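Colleague: To start, I am sharing the structure in question, which I have written as structure tokens.
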Amino acid sequence: MSQSPTIIYTKTDEAPALATYSFLPIIQAFAGSAGIHVELRDISLAGRI
């Protein structure tokens, strides 16, 4: 496999945003040590327009 795997972490724009952003660095630390890239994507309506 020539390409490292990627996890797509979805960005939220409502109440769970605090949990999303506080958990993201933990996921990045564990995934980074395993060679996995974590990509943040905005899936809100405003992000899709």
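Colleague: How much length would be gained if the chain were fully extended between residue 38 and residue 24, taking 0.36 nm per residue of separation minus their Cα-Cα distance, in nm to one decimal?
Modeller: On the way: separation 14, 0.36 × 14 = 5.04 nm, distance 0.88 nm.
Result: 4.2 nm gained on full extension.
Colleague: Find the Cα radius of gyration of region 6-48, compare it with 2.2 N^0.38 Å by division, and give the number to two decimals.
Modeller: Compared with the compact-globule rule of thumb, region 6-48 sits at 1.21.
Colleague: What's the local net charge at residue 9, with K and R +1, D and E -1, over the other residues with C-beta under 12 Å away?
Modeller: 0
Read-outs: derived from the displayed coordinates by stated rules, not from any lab. Keep in mind the model is a prediction, meaning the values are calculated, not measured. In this analysis, Cβ positions are derived from the backbone assuming ideal geometry, glycine residues included, and neighbour counts consider all displayed protein chains.
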